[in-house]
1. What does the charge count around Y128 come to, taking other residues whose C-beta lies under 11 Å from its C-beta (Lys +1, Arg +1, Asp -1, Glu -1)?
2. Are there any chymotrypsin sites (Phe, Trp or Tyr not before Pro) in the range 72-163 that are in a DSSP loop and have at most 15 other Cβ atoms within 10 Å? List them by number.
3. Would you pull out the residues with amide H under 5 Å of E161's amide H, same chain only if 5 or more places away, H placed 1.01 Å from N?
4. Using θ = phi - 60° and the Karplus curve 6.51 cos²θ - 1.76 cosθ + 1.60, what whole-Hz ³J(HN,Hα) does each residue of the range 14-22 get, with Gly and Pro shown as x?
5. Within the range 99-163, list the GluC sites (Glu not before Pro) lying in a DSSP loop whose Cβ has at most 16 other Cβ atoms in a 10 Å radius.
Amino acid sequence: MDYFKGIVVFVLLINIIYEFVPNDSYKKYLKHITGVIIILVVIEPICKYCDINHFEDSVNNYFLQSDVIDVNEFMSDANDIALNKSADIYKSNIENEIKSYLMNCNFDISDVETGISITNENEIKIDYVKIDLKFINYEIEDEYIKNMIEEKFFISKEVIEVK
């Protein structure tokens, strides 16, 4: 009976902790870890009943032999992954938006390519925008397109190249 009370108390405590986790992305990791713990707790008496020797020792040795995870390093890695994914999504979206905008302005666009980087302050910075037109009248369209992009998307025309 104490065994089941322990599982119920553990599940209740985990649900309370879920409510205080500030970001939904962390809940995914917390659910994964607690799920593994619950599985181990449920399997332990079954293994004892089946006369599997040293189950607890095997589990403890596995966790002791594996590297200790530094929580700060883990969270830093998770933040880096999320930031890089956000940067990739931003890059794709800005390319599509620029291309759609120019096509709606009756420009014959072949391709739009952007280069982005992440600053030390974890901000996404546009390094360059390359716009490939199928046909261009350099005297008129080059500066005109740069000004349009600068006004619409707040991208400095110094980083915009029209080919």
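Please treat every number below as a calculation from the coordinates, not as lab data. A quick note: this is a predicted structure, and the numbers were derived from the prediction, not measured. When we count neighbours, we look across all protein chains shown, and the Cβ atoms used for this are built from the backbone with ideal geometry, even at glycine.
1. Numbers: positive: K125, K130; negative: E113, D127, E158, E161.
Charge balance in the 11 Å sphere: -2.
2. Details: sites: F74, Y90, Y101, F107, Y128, F135, Y138, Y144, F153, F154; in loops: F107, F135, Y138, F154.
Listed in order of number, the matching sites are F135, Y138, F154.
3. V129, K130, I131
4. 5, 5, 5, 4, 4, 5, 9, 6, x
5. Values: sites: E113, E121, E123, E139, E141, E143, E150, E151, E158, E161; in loops: E121, E123, E139.
Listed in order of number, the matching sites are E121, E123, E139.
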